[in-house]
Amino acid sequence: MTSTSCNQGRKKYEVKKILNKKKFRGKDWYLVQWKGYIVEENTWEPRENLGNIKELVKEFEEEYGKIRRIKKRKNNKEDRRGELLGRYMAKILYG
């Protein structure tokens, strides 16, 4: 992801990277890493505060979607394996 500027009030900040996303009160909030600032100064920003960095948000959304799909697939496989193991164990134990 490339850094892009973001207006907040009168000051202009440069976004280094979008790190995460969450829903809060029906709105999407993004964890933003600011260029030239330390990690402790990352902030959660609502989507409307990031109007000037649409490309960066779009890139993040695409990557975020891929990661969620992979995690969902992995969890489904683990659930099925546990379910199958449970059936076989019951058959072994109880005939």
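Nothing in this text is a laboratory measurement; each read-out follows from the coordinates by a stated rule. Fair warning: this is a prediction, and the values are worked out from it, not measured in the lab.
Summarising the amide proton neighbourhood of residue 21: residues at separation of 5 or more, or on other chains, whose placed amide H is nearer than 5 Å comprise 31. Per the Cα gyration tensor, the stretch 24-74 maps to an equivalent ellipsoid with semi-axes of 22, 14, 12 Å, ordered largest to smallest.
Near the amide H of residue 42, within less than 5 Å, lie no amide hydrogens of residues on another chain or at least 5 residues away, with H placed in the peptide plane.
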